[in-house]
1. Tell me the per residue accessible area of segment 297-438 using a 1.4 Å probe; a whole number in Å² is fine.
2. What relative contact order, as a whole-number percentage, does the chain give when Cα pairs under 8 Å and 6 or more residues apart are counted?
3. For the chain, modelled as a GNM with alpha-carbon contacts under 10 angstrom, which of 277, 112, 67 fluctuates the most?
4. What dipole magnitude, in Debye to the nearest 20, does the chain give about its Cα centre under +1 on Lys/Arg Cβ and -1 on Asp/Glu Cβ?
5. For a label point 7 angstrom out from the Cα of residue 317 toward its Cβ, which stretches of segment 289-308 have the backbone nitrogen within less than 18 Å?
6. Out of residues 5 or more away from residue 31 or on other chains, whose amide H comes under 5 Å of its own, with H placed 1.01 Å from N in the peptide plane?
7. Given R₀ = 41 Å, what would the calculated FRET efficiency be for residue 346 paired with residue 24, taking r from the Cβ atoms and rounding to 0.05?
8. Say each of residue 369 and residue 53 gets a label point 7 Å from the Cα, pointing the same way as Cα to Cβ; how far apart are those two points in nm?
Amino acid sequence: MRKMRRKGLASMAVQTVATTSESTVDLGPAAALSCRECGHRVPLGPVFACEECFGPLEIAYDFSAYDTEELRRRIEAGPANIWRYAPLLPVPADVADKPNINPGWTKLVKADNLARELGVTGGLYVKDDSGNPTHSFKDRVVAQALEAARAFGFTTLSCSSTGNLAGAVGAAAARAGFRSCVFIPHDLEQGKIVMAAVYGGELVGIEGNYDDVNRFCSELIGDPAGEGWGFVNVNLRPYYAEGSKTLAYEICEQLGWRLPDQIVVPIASGSQLTKIDKGLQELIKLGLVEDRPYKIFGAQAEGCSPVSTAFKAGHDVVRPQKPNTIAKSLAIGNPADGPYVLDIARRTGGAVEDVTDEEVVDAIKLLARTEGIFAETAGGVTVGVTRKLLEAGVLDPAKTTVVLNTGDGLKTLDAVAGTGLTATIRPTLDSFREAGLA
Ligand SMILES: *Cc1c(COP(=O)(O)O)cnc(C)c1O
Ligand SMILES: [Zn+2]
């Protein structure tokens, strides 16, 4: 089943590259696309599947010219956004001068109150990516895909989205002067629909779940109707995915060029988690951090937990599920990078766990109450899983731990709809006292 799907995608991918293989593009240190399964290399282009084995393609770099201390100084002198890491990304050297929404360099919050509540003594941090321009981590990946779209001459930006990506694509396209046309499941949260529509691009609701939306987009790429379209998470996926490495870079730099011991990452397609691992490995190889062991933990909602189910069962393959959870930004039932997430969790000594929707809501409130951070449901998933893994003794409370919050609670207000007024009073001191608030 998986093989057949891949074969279809790969033949489309090969078709696309035939028209662009002559073009030489400047994407900085990116040297080629390389197959994650068999290592087969092809020139940089808008392709995503290996012509030999249908495995996913990813960016291969040439970092050989870098001197560690010179690179560190260059990064530290760079802008307070992801482009400080341009020497490690598939973007041209002058990327910071181009119209882009310049995401990243979000806060790494030392969460001492939450740490006390959860019994963590080794240092607990929340990497708060709600601080990005469209209030989710997706701005990081879209910023990379936009540069690839420019390099390959696309004029329309598109995507299949669980919500946050649609907004990030809309905003990036607006700033850069691209047309955008994005596809979402028709029944998303109101906040996500408005956040995606307000930038003025076309927003299309598909009658189906995310996996249906994704399948539709794969068909559109192979059709003349999709010509000239850069789908950030399909034909530009290898470039898009690299944006997640910046989370790893920022966390380490913000810790004083140090690896965390444990890091808790949400899983939708699994791309973010795999690229955080890639980013950490690069920092070690470049000598920017000391080579010490770290563990990566994946977090899902129980109502869409194909990867944690496989992890707990000891399986290498991920069986697709039909999502049913309030954590809609993570509701991908057939995660493309699922098997790689399993590899990374096992190789690093981490784990993959899931929490119920009720635990997600509790965790959103816990984080808000202890640290003043209002997370979307995906942040409830990571904080909830962190609590659960600490209670189970899987996470070590004596180790430096980083928990990702990848989105803003204002986008998923329904999740905490029961939260409201403490009291309603007349504008008098008597009334205030009567309500027991004095
Ligand atoms: C997309 C998304 C993720 C992670 O997605 P992957 O497909 O696993 O890379 C995490 N959190 C939020 C809020 C998202 O929108
Ligand atoms: Zn291959």
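1. So segment 297-438 comes to 46 Å² accessible per residue, rounded to a whole number.
2. 15 percent
3. Of 277, 112, 67, the Gaussian network model singles out 67 as fluctuating most.
4. That gives the chain a dipole magnitude of about 240 debye.
5. Answer for this model: 306-308.
6. Excluding prolines and chain starts, which carry no amide H, the hits are 60, 61, 62.
7. Calculated value: 0.55.
8. That separation, rounded to one decimal, is 5.0 nm.
The values are calculated or read from the model by the stated rules, or taken from the named source; none is laboratory data. The structure presented is a predicted model; accordingly, all values stated were derived computationally and were not measured. A quick note on method: Cβ atoms are made from the backbone with ideal geometry, for glycine too, and the neighbour counts reach across all protein chains shown. Note: accessible area is taken over every heavy atom of the protein model, side chains too, but ligands, DNA and RNA are not part of it. Shrake-Rupley method; radii C 1.70, N 1.55, O 1.52, S 1.80 Å.
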